[in-house]
Amino acid sequence: MKILLIFSCFVIVVLDSLFLAQNQGKLEYIIEVEGATPQLQKTAQMLFDSRMNVLYRPNQSRVDFKLGEMMTQTMITNSETDQALSFSTGMMGDIAIVATMTQLQGSKVNDTASSVELIDETKEILGFKCKKAIVTTGAKEKITYWYTNDISLSSDGHQFMNPLVPGVPLEFTAMANGLLMHYKLANYSTEIPDAETQFSLVPPDGFQVLTFQQYQQMLLEQAKKQN
């Protein structure tokens with residue numbers, strides 16, 4: 001459950017980052033997961049074939065997570081109307097949450113403890129010239145980013161689009177509850193087939209629809225059961 005909640009928070013950060021300058025596109029990432037202990041290695045095996053797809057166009061964003069065998073999760077936002085929709089399948093069932101972007105993002109906290117070192121190294125990822133950056137967090141964790149300036153996105157987030165990194169990350173690492181998550185871009189396209197459906201804020205059929213407040217109450221009840 002903790003891992004799933006961490007992924008939920010991560011998706012919110014991703015969506016908060018995707019405010020497009022002028023373009024639209026789709027980024028498809030593969031995610032390799034490693035665990036440092038035998039127990040975490042078992043969890044990593046369950047997350048085999050994890051993926052993240054990011055779709056964006058002016059004022060609208062969508063992030064699709066496939067977390068191995070554990071769950072799928074989608075979050076869609078419209079910054080112009082402050083609307084958001086999240087729906088997921090997994091241990092908690094098929095749930096759709098209708099909310100505002102403000103509710104999902106909560107209070108923003110400026111990260112003043114982290115620092116970045118821009119390294120004079122380059123490599124190509126899918127034809128994009130990438131530069132290297134190493135971010136050191138307040139907890140002294142080092143995260144390596146390979147980023148490009150050839151994709152026109154601006155950033156306002158702290159992980160996928162780290163404001164300390166001057167470009168769009170095409171390869172990076174992140175920690176989630178002791179698991180090392182390695183993200184790498186596998187495909188990029190400026191075309192979004194059936195875009196109106198992809199960015200629709202109507203909950204899909206067959207899902208239990210909750211308000212943000214109802215979802216928070218559900219999480220509290222789940223936490224009490226685990227304690």
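Scan segment 69-81 and tell me whether some residue there is acidic (Asp, Glu) and in a strand (DSSP E or B). For segment 69-81, residues acidic (Asp, Glu) and in a strand (DSSP E or B): absent. Number of residues in segment 165-215 that are of a type in the set (A, V, I, L, M, F, W, C) and in contact with a Cys (Cβ under 8 Å, 6 or more places away or on another chain): the value is 1. Of all residues in segment 186-213, those that are more than 13 Å from Ile76 (Cβ to Cβ) have Cβ atoms under 8 Å from Cβ atoms of residues that are assigned to a helix (DSSP H, G or I), 6 or more apart or on another chain, in Leu210/Met218; Phe212/Gln103; Phe212/Leu104. Across segment 200-227, the qualifying residues are those that are outside any helix (DSSP H, G or I) and among the small types (Gly, Ala, Ser), and the one among them that is nearest to Ala84 (Cα to Cα) is Ser200. Considering Ser8, Ser61, which residue is modelled with pLDDT under 90, closer than 26 Å to Ser200 by Cβ, in a helix (DSSP H, G or I) and of a type in the set (Gly, Ala, Ser)? Every option except Ser8 fails the conditions. Against the criterion of being of a type in the set (Phe, Trp, Tyr), crowded, with 16+ Cβ neighbours inside 10 Å and within 13 Å of the chain's Cα centre (by Cα), Phe87 does not qualify.
Would a scan of segment 42-52 turn up a residue that is at pLDDT 90 or above and closer than 15 Å to Met175 by Cα? So far as segment 42-52 goes, yes, one or more of its residues are at pLDDT 90 or above and closer than 15 Å to Met175 by Cα.
Of all residues in segment 168-189, those satisfying the criterion of being of a type outside the set (A, V, I, L, M, F, W, C) and at pLDDT 90 or above are Pro169, Glu171, His182, Tyr183, Lys184, Asn187, Tyr188, Ser189. Exactly one residue out of Ile30, Ile76, Ile97 is among the hydrophobic types (A, V, I, L, M, F, W, C), modelled with pLDDT of 90 or more and surrounded by fewer than 18 Cβ atoms within 10 Å (Cβ to Cβ): that is Ile30.
The values are calculated or read from the model by the stated rules, or taken from the named source; none is laboratory data. As the structure is a prediction and not an experimental result, all values here were calculated from the model. Note that each Cβ is placed from the backbone with ideal geometry, even for glycine, and that neighbours are counted across all protein chains shown.
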